[in-house]
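K.L.:
Okay, here's the structure, questions in a sec.
The values are calculated or read from the model by the stated rules, or taken from the named source; none is laboratory data. Note that this is a predicted model, so its numbers are computed, not measured. Cβ atoms come from the backbone with ideal geometry, glycine included; neighbour counts cover every protein chain shown.
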Amino acid sequence: MIIELRPWREGDLAVLERANTPEMTAHLCGPETDEEVRGRHARYLRLNAAGEARMMRIDVDGIPAGAIGYWQTDHEGVPAFETGWSVEPRWQGRGVAREALRQVTRLVAADGRRTLLVAYPGVDNPASNALCRGAGFEHRGSGTLPWRGGELTFNTWVLDVSPLDLAGRVPDVDERFDGSALDTERWWPFYTPQWSSRDASAARWSIGRGGLELSIAADTVPWAPALDGDLRVSHVQTGQFSGPAGSGIGQHRFRTGLSVTEEQPEHRGWLVRHGVIEVRLAAIRHPDVMVAFWPIGFEERPEDCGELCIAEIFGAELDDDGGWVGVGVKPQNDPRLREDFEKVRVHGDLTLMHDYAVEWTPERMRFFIDGAWVKTVVQSIDYPVQLMLDVYEFPRADGTRDTAALPHVLRVERVRSFALG
């Protein structure tokens, strides 16, 4: 199912007419008159032509399915854009409105004229309120106003799509990998070795003028065959916490029934709790490969294990025009979190250096690519995390490897963290 937003055109009056039914306007105090619908259609065209709004038709596989847009307003004295939408009954419950709203948030962020997006769904409209919540909007109260001869009681939802602003801020840590060796006071060059061993999970790394390189070569062995098959990894992390051999205590419990096979020393190299975390790296375009940067809970308490996925890039999802970058929050085994993760389409060559970042407060996480806002997650993670930086080679079903493409090399120019501003 392909969901596209197309500019509002003269021939789109029928979309508004189909939306003007008692069923479709139940949360808006009922239908408008035919004259009011024609006036709305003319207003959409006029606002688009003047650049004061961006009103669009929602198409599903080329079929008109509803309308959405954003237009200029003020919110508590601050210039903002307001958004609203309607989706025809046959398309409801299929993720159409969710994807349309997601596309609108990206358009507003790219627009740049106003960085606040607001929505005012009726308090008795659970679907639209849930849609706002799922898109990262924050609830800021409710109100009542006259509407279509009656009164509409609405919720106020607000989304900040402003770009990342690090001007004048000094990082707590600015890792440029500019020495002759990896700083092992900061980095632990093994991939969760408690579930395997340091020998099997050791990183292949080198440092040159361009920064850190993590590589998977022809002689790289699977890191934990009994647990993870033929998956190969080259990885560094900035913390290590696990229990004695035979216990189930350890970070990144990626499956049930794990037991520590090799006891590890505790390592507190670089732990972060709130602020900005940023990496500059280049992805790898190969169908067997993924690169990722995903801080996880240090996990002194087993429930403190959530993941901030700042960048997860599969080589199979890169093409000549760009690629998909996974961002968001994964609970792993933290029962207080819900998964809120999505893949964002990014234009440009992702095998070149790009910046990926999260701005993390006790209330929310805002994710950025090259400084531009791409996603907000309104959840609380309030414990220290360690940084996890890696390249994976996934096994093929037939057991073969593309040896001609080896080594797979992840290049990382820098990693930085900033305290809350």
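K.L.:
Considering only region 62-153, give the strands (runs of 3 or more DSSP E) lying wholly within it that have at least 1 residues that are over 26 Å from the mean Cα position of the chain (by Cα) and not acidic (Asp, Glu). First the steps, then the outcome.
P.N.:
Details: elements: 63-75, 78-87, 116-119, 138-147.
Filter on region 62-153 gives 63-75, 78-87, 138-147.
K.L.:
For Phe341, state whether it is of a type in the set (A, V, I, L, M, F, W, C), modelled with pLDDT of 95 or more and under 12 Å from the mean Cα position of the chain (by Cα).
P.N.:
Values: of a type in the set (A, V, I, L, M, F, W, C): yes; modelled with pLDDT of 95 or more: yes; under 12 Å from the mean Cα position of the chain (by Cα): yes.
Yes, satisfied.
K.L.:
Does region 73-102 hold any residues that are within 20 Å of Leu47 (Cβ to Cβ) and either among the β-branched types (Val, Ile, Thr) or surrounded by 15 or more Cβ atoms within 10 Å (Cβ to Cβ) (or both), and which are they?
P.N.:
Restricting attention to region 73-102, the residues satisfying the condition of being within 20 Å of Leu47 (Cβ to Cβ) are 73-75, 79-86, 100-101.
Those that are within 20 Å of Leu47 (Cβ to Cβ) and either among the β-branched types (Val, Ile, Thr) or surrounded by 15 or more Cβ atoms within 10 Å (Cβ to Cβ) (or both): Thr73, His75, Ala80, Phe81, Glu82, Thr83, Gly84, Trp85, Ser86, Ala100, Leu101.
K.L.:
From the list Pro302, Pro295, which one is of a type outside the set (A, V, I, L, M, F, W, C) and surrounded by 23 or more Cβ atoms within 10 Å (Cβ to Cβ)?
P.N.:
Numbers: Pro302 fails: surrounded by 23 or more Cβ atoms within 10 Å (Cβ to Cβ).
Unique residue meeting the criteria: Pro295.
K.L.:
Looking at Pro222, is it surrounded by 14 or more Cβ atoms within 10 Å (Cβ to Cβ), of a type outside the set (A, V, I, L, M) and over 27 Å from the mean Cα position of the chain (by Cα)? Quick ask: steps written out before the conclusion?
P.N.:
Working: surrounded by 14 or more Cβ atoms within 10 Å (Cβ to Cβ): yes; of a type outside the set (A, V, I, L, M): yes; over 27 Å from the mean Cα position of the chain (by Cα): yes.
Criteria met by Pro222.
K.L.:
Name the residue, out of Trp223, Trp195, Trp187, that is in the same structural domain as Val412 (by TED's automatic domain parsing), aromatic (Phe, Trp, Tyr) and touching a Lys or Arg at 6+ places or on another chain (Cβ under 7 Å).
P.N.:
Details: Trp195 fails: touching a Lys or Arg at 6+ places or on another chain (Cβ under 7 Å); Trp187 fails: touching a Lys or Arg at 6+ places or on another chain (Cβ under 7 Å).
From the options Trp223, Trp195, Trp187, the qualifying one is Trp223.
K.L.:
Which ones in region 22-46 are under 16 Å from Trp85 (Cβ atoms) and assigned to a loop (DSSP other than H, G, I, E, B)?
P.N.:
The answer is Glu23, Met24, Thr25, Ala26, His27, Leu28.
K.L.:
Looking at (1) of a type in the set (Lys, Arg); (2) in contact (Cβ under 8 Å) with a residue 60 or more places away in the chain; (3) closer than 19 Å to Leu271 by Cα, can you tell me which one Lys330 breaks?
P.N.:
Tallying (1) of a type in the set (Lys, Arg); (2) in contact (Cβ under 8 Å) with a residue 60 or more places away in the chain; (3) closer than 19 Å to Leu271 by Cα, Lys330 fails exactly one: (2).
K.L.:
Within region 367-381, work out how many residues are assigned to a loop (DSSP other than H, G, I, E, B) and at pLDDT 95 or above. Don't jump to the end; show me each part of the working.
P.N.:
The first filter runs over region 367-381 and keeps only residues assigned to a loop (DSSP other than H, G, I, E, B), leaving 370-371, 378-381.
Of the ones still in play, those that are also at pLDDT 95 or above are 370-371, 378.
Number of matching residues: 3.
K.L.:
Among all residue pairs at least 6 apart or on different chains, which show Cβ distances below 9 Å where the first residue, located in region 390-408, is in a helix (DSSP H, G or I) and the second is surrounded by 10 or more Cβ atoms within 10 Å (Cβ to Cβ)?
P.N.:
Listed by first residue and then by second, the contacts come to Ala405/His286; Ala405/Asp288; Ala405/Val289.
K.L.:
Being surrounded by fewer than 17 Cβ atoms within 10 Å (Cβ to Cβ), touching a strand residue (DSSP E or B) at 6+ places or on another chain (Cβ under 8 Å) and touching a residue at least 12 places away in the same chain (Cβ under 8 Å) narrows it down to one of Arg57, Arg6, so name that one. Write out each step before concluding.
P.N.:
On the way: Arg57 fails: surrounded by fewer than 17 Cβ atoms within 10 Å (Cβ to Cβ).
After ruling out the rest, the residue left standing is Arg6.
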